[in-house]
1. Mind checking the angle between helix 88-101 and the chain's longest principal axis? C-alpha axes, 0 to 90 degrees, to the nearest 10.
2. Would you mind computing Rg(Cα) / (2.2 N^0.38 Å) for the stretch 26-124, counting N as its residues?
3. Which angle from 0 to 90°, rounded to the nearest 10, does the C-alpha axis of helix 106-120 make with the longest principal axis of the chain?
4. So how many Lys-Lys pairs in the chain land under 21 Å Cα to Cα, not counting same-chain pairs under 8 apart?
5. Before rounding to the nearest 500, sum -39500 (n - 2.57) across all DSSP H runs of length at least 4 in the chain and divide by the residue total; then give [θ] at 222 nm in deg cm²/dmol.
6. Could you identify which residue out of Asp27, Asp56, Asp104 has the top mean-square fluctuation in a GNM of the chain using Cα springs shorter than 10 Å?
7. Where in the stretch 25-66 are there trypsin sites (Lys or Arg not before Pro) that are in a DSSP coil and have at most 16 other Cβ atoms within 10 angstrom of their Cβ?
8. Which trypsin sites (Lys or Arg not before Pro) in the stretch 74-118 sit in a loop by DSSP (not H, G, I, E or B) and have at most 15 other Cβ atoms within 10 Å of their own Cβ?
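Computed from the coordinates by the stated procedures, all read-outs in this text should not be read as laboratory data. What you see is a predicted model, and the numbers here were worked out from it, not measured in a lab. Cβ sites come from the backbone with ideal geometry, for glycine too, and all protein chains shown count toward neighbours.
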Amino acid sequence: MDIAYSKIDTITNLSKGQTAYKLSTGDIIAVSVHPGRDAAPDMFSVRARAVAIHADGTPVLDHTGKPISAEIHQSCPKTALVEGKADHKTMAQAAIEQVITGGDGIAAEIAAARAYQDVTGDVL
């Protein structure tokens, strides 16, 4: 996907650890990065979670009433960290990039929700 994004500081009521971004589509999202879950013992894993939000920080809901969100896991062998072939900041940034622009990322989830809205006439 060809989606650009930039960090914004105008959303004041984000949850701890969330950062707001504005997408080139005009949508606003909140992104957080956490330790990964269910990684193999020899792997280092991080997960990024993105939620579509309104300008007041409240989540945008889909047609089922659930927040529009996406979550991506990135992992690498722990030995790559020891050997300097990977680092936690690079891993986190890669997860953020994927959760925003990846095929299963938040931009795709928002587009799918809008397509459903067009079909049904529901309002997001």
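1. Between the helix axis and the principal axis of the chain, the angle is about 30 degrees.
2. On the way: Rg = 15.9 Å, N = 99, 2.2 N^0.38 = 12.6 Å.
Relative to the 2.2 N^0.38 Å estimate, the stretch 26-124 comes out at 1.26.
3. In the chain, helix 106-120 runs at an angle near 20 degrees to the longest axis.
4. Final tally of qualifying lysine pairs is 7.
5. The helix-only estimate for the chain comes to -8500 deg cm²/dmol at 222 nm.
6. Asp56
7. Sites meeting the loop and neighbour criteria: Arg37.
8. Within the stretch 74-118, the qualifying trypsin sites (Lys or Arg not before Pro) (loop, at most 15 other Cβ atoms within 10 Å) are Lys85.
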